[in-house]
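*Asks:* Please find one structure pasted underneath; my questions will follow.
Every number in this text was worked out from the coordinates using simple rules, so none of it is lab data. Because the structure is predicted, anything quoted here is derived from the model rather than measured. Every residue, glycine as well, gets a Cβ built from its backbone with ideal geometry; the counts of neighbours run over all protein chains shown.
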2 protein chains.
Amino acid sequence: MTKPPIAFYFDFSSPYGYIAAHRIEALGVATGRRVDWHPILLGVVFKETGQSPLLTQKLRGPYHAHDLARTARRFGIPFRLPEGFPMATMAAARAFYWATDTAPDRAKALALALFDAAFAAGINITRAETVAEIAGRAGFDAGAVTAAIADPAIKERLKAETDAAIAKGVFGSPYFIVDGEPFWGHDRLADLQDWIQGGGW
Amino acid sequence: MTKPPIAFYFDFSSPYGYIAAHRIEALGVATGRRVDWHPILLGVVFKETGQSPLLTQKLRGPYHAHDLARTARRFGIPFRLPEGFPMATMAAARAFYWATDTAPDRAKALALALFDAAFAAGINITRAETVAEIAGRAGFDAGAVTAAIADPAIKERLKAETDAAIAKGVFGSPYFIVDGEPFWGHDRLADLQDWIQGGGW
């Protein structure tokens, strides 16, 4: 019997989500779990929790800017902040959900292309045109992506995914749930793996 | 030449600070660094950052209550929340700074006695009388502790320590600084050790 997947929640504007996106599939392979990717809108989550984007916070912001750079170096992942960060990411998230229906085996590749455009190349991926262009370069139909981003059904899908995440207690990015057990933060990946492999503490 | 110490910042009301207090000295031994303990008042820090006590926050609170229990289990440390948590901890912090002058080699033992009273026995350690009683059981002069908690010079010392911590960027508990490098959170202890032993990432 296949074991339940790891649910991976993130916002395309989350730098720790970007780093986690580059590491989570290896963890899935190591633990024998499929990873289901769920982009959500942290802005909606923050309305619920009263939090604000991490890097804009006093004292916490400078610390995390420093920590992001050293963490990326540690894992050999290129890193910079996109122009105009933090950025709105509805278009990117909608494109991802479109891809999960249209080309499910390539949806994660699209997500990584979008993340890399933002946090490796420094491109602001807010605009639908930018997302479509990145998707086009990644081998997707740019016109279809542009249409999908404006599609009411896809908009509704993203809204439902975000609401479902909040209902499960997700309050940040990245956030992982496996076998009902929640782990918040890129810095908990080792704990997540240990939990799966050790059968709980 | 002796290597610079690890500065360990915490609030006696911080449950992750309590867990870290039980683990940081072993890390100091493993890395050949002395650990300097700095209790501070997170309430003052939160006025600066706009944050609030972790466990009272929406969505984040329930997650961390769950995470604290599993983390304590994982490391074999008894854990419960004190009555009336979160609690004010000026008296505990002042008693600690008094001990650093009066019995420096036993100040950390007093800190652990206070932490254990709170998070292992579940006692609210806000009141000066409670702190003095715990100190008395730990072998300190309870009357001297009561006097110290009301001593303007000790009050000033705690204020100065908290201000100095904020000036160094400390925004939470536990928070560690070694060789100018900051690490926030109990879940970064392994990173802190790796940083010291690996010479930086």
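*Asks:* Please list the three semi-axes, largest first and in whole Å, of the ellipsoid equivalent to the protein assembly as shown, using sqrt of 5 times the eigenvalues of its alpha carbon gyration tensor.
*Replies:* On the way: eigenvalues 388, 82, 77 Å².
Each semi-axis is the square root of five times an eigenvalue, giving 44, 20, 20 Å.
*Asks:* Expressed as a rounded percentage, what relative contact order does chain A have, with Cα pairs under 8 Å and six or more residues apart?
*Replies:* Over chain A, the number comes to 30 percent.
*Asks:* Place +1 on the Cβ of every Lys and Arg and -1 on the Cβ of every Asp and Glu in chain B, take the dipole about the Cα centre, and give the residue among B:Trp195, B:Ala92, B:Ala148 whose Cα lies farthest towards its positive end.
*Replies:* B:Trp195
*Asks:* Still on this structure: Taking amide H positions as placed 1.01 Å from N in the peptide plane, with prolines and chain starts having none, which residues 5 or more places from A:Ile6, or on another chain, fall under 5 Å of its amide H?
*Replies:* It is A:Arg34, A:Val35, A:Asp36, by chain and number.
*Asks:* Okay, moving on. What net charge is computed for the residues neighbouring B:Phe75, neighbours being all others with C-beta under 13 Å from the C-beta of B:Phe75, Lys and Arg scored +1, Asp and Glu -1?
*Replies:* Numbers: positive: B:Arg23, B:Arg70, B:Arg73, B:Arg74; negative: A:Asp191, A:Asp194, B:Asp67, B:Asp187.
Spelling it out: positives minus negatives among the neighbours equals 0.
*Asks:* Among bridges DSSP assigns within region A:6-198, what percent are antiparallel (round to 5)? Mind showing how you got there, number by number?
*Replies:* Details: 8 of 13 bridges.
If I count the DSSP bridges inside region A:6-198, around 60 percent turn out antiparallel.
*Asks:* Kindly put B:Glu161, A:Glu129 in sequence by how many other C-beta atoms sit within 10 Å of each C-beta, fewest to most. Intermediate results must be reported in sequence, preceding the final value.
*Replies:* Values: B:Glu161 18, A:Glu129 13.
Going from least to most buried by this count: A:Glu129, B:Glu161.
*Asks:* Moving on. Over the Cα atoms, compute the radius of gyration (one decimal) and Dmax (the largest Cα-Cα distance, rounded to a whole number) for region A:140-201, in Å.
*Replies:* 16.4, 49
*Asks:* Fewest Cβ neighbours within 10 Å first, please rank B:Tyr175, B:Tyr9, B:Tyr16 accordingly. Please report the intermediate quantities before stating the final value.
*Replies:* On the way: B:Tyr175 27, B:Tyr9 30, B:Tyr16 21.
Least crowded to most crowded, the residues run B:Tyr16, B:Tyr175, B:Tyr9.
*Asks:* At a threshold of 8 angstrom on Cα-Cα distance, excluding pairs fewer than six apart, so keeping six or more, what relative contact order does region B:10-64 reach in percent?
*Replies:* Working: 24 pairs, mean separation 15.5, N = 55.
Computed value for region B:10-64: 28 percent relative contact order.
*Asks:* Quick one: dipole size for the protein assembly as shown, taken about the Cα centre, charges +1 on Lys/Arg Cβ and -1 on Asp/Glu Cβ, in debye to the nearest 20. Before the final figure, lay out the partial values.
*Replies:* Numbers: 42 positive and 42 negative charges, 23 e Å.
So the dipole magnitude of the protein assembly as shown works out to roughly 120 debye.
*Asks:* Might you report the magnitude of the Cβ-based charge dipole of chain A about its Cα centre, with Lys and Arg at +1 and Asp and Glu at -1, to the nearest 20 debye?
*Replies:* Working: 21 positive and 21 negative charges, 84 e Å.
My answer is approximately 400 debye.
*Asks:* List nothing, just return the count: lysine pairs in the protein assembly as shown, 8 or more apart or interchain, with Cα separation under 14 Å.
*Replies:* 6
*Asks:* Further, regarding this structure: Tell me the mean residue ellipticity at 222 nm calculated for chain B from its helices only (DSSP H runs of n ≥ 4, each -39500 (n - 2.57), averaged over every residue, nearest 500).
*Replies:* Details: 10 runs with 109 residues, N = 201.
Calculated at 222 nm, the ellipticity per residue is -16500 deg cm²/dmol.
*Asks:* What does the extension gain come out to for A:Arg80 and A:Arg127, with contour length at 0.36 nm per residue minus their alpha carbon separation?
*Replies:* Numbers: separation 47, 0.36 × 47 = 16.92 nm, distance 1.90 nm.
Result for the pair: 15.0 nm of gain on full extension.
*Asks:* May I ask which residue of B:Ala117, B:Pro78, B:Ala128 lies farthest towards the positive end of the charge dipole of chain B, with charges of +1 (Lys, Arg) and -1 (Asp, Glu) on Cβ and the Cα centre as origin?
*Replies:* My answer, from the dipole projection, is B:Pro78.
*Asks:* Are there DSSP H segments in chain B that both extend 20 Å or more along their axis (alpha-carbon positions) and score a mean Kyte-Doolittle hydropathy of at least 0.5? List them, or say none. Write down the numbers at each step before the final one.
*Replies:* On the way: long enough: B:60-75 (22 Å, -1.24); B:152-167 (22 Å, -0.21).
Qualifying helices, which must be both long enough and hydrophobic enough, do not occur.
*Asks:* How large is the convex hull of the C-alpha atoms of region B:6-198 per residue, in Å³? All intermediate terms of the calculation are to be shown ahead of the outcome.
*Replies:* Values: hull volume 22.1 nm³, N = 193.
Roughly 115 Å³ of hull volume per residue.
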